[in-house]
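Read the figures in this text as sums done on the coordinates, not as results from a lab. Just so it is clear, the model here is predicted, and its values are computed rather than measured. In this analysis, Cβ positions are derived from the backbone assuming ideal geometry, glycine residues included, and neighbour counts consider all displayed protein chains.
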Amino acid sequence: MLYNAALERNGAFNDEMKLKKLVNDRKEIVFFPITHLGTEMFYADVKNKIDSLKKKNYFFYYEKVIP
């Protein structure tokens, strides 16, 4: 039960991702707060948001981990 409470607190059971935006007079930066554990609906929502922003000509930068 404690494990599930920790997962819920960190958003592992969310079905939607809430974007974070930084805006100034020239640019807008959109952050995707991704968790590595999520529901199928969560990742479908992420895909839809990426597709929508790509259609608006946003650029994407990805985190890369090199072992």
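Observations, loosely collected:
- For the chain: rounded, prolate or oblate by the Cα gyration tensor [a/c cutoff 1.5]: prolate
- Estimated vicinal HN-Hα couplings, Hz - segment 52-58 in sequence order (Karplus 6.51, -1.76, 1.60; Gly, Pro = x): 5, 6, 4, 5, 9, 6, 6
- Basic side chains Lys and Arg get +1 at the Cβ, acidic Asp and Glu get -1 at the Cβ, and with that the dipole of the chain about its Cα centre reaches some 400 debye.
- Length-normalised contact order of segment 2-55 in % [C-alpha pairs under 8 Å, at least 6 apart]: 35 percent
- Taking label points 7 Å from Cα along the Cα-to-Cβ direction, V46 and V30 give a separation of 1.5 nm.
- Rounded Å value of the spacing that divides the Cα centres of segment 12-45 and segment 49-67: 11 Å
- Charge tally in the Cβ shell below 14 Å around K56, where Lys, Arg are +1 and Asp, Glu are -1, K56 excluded: +3
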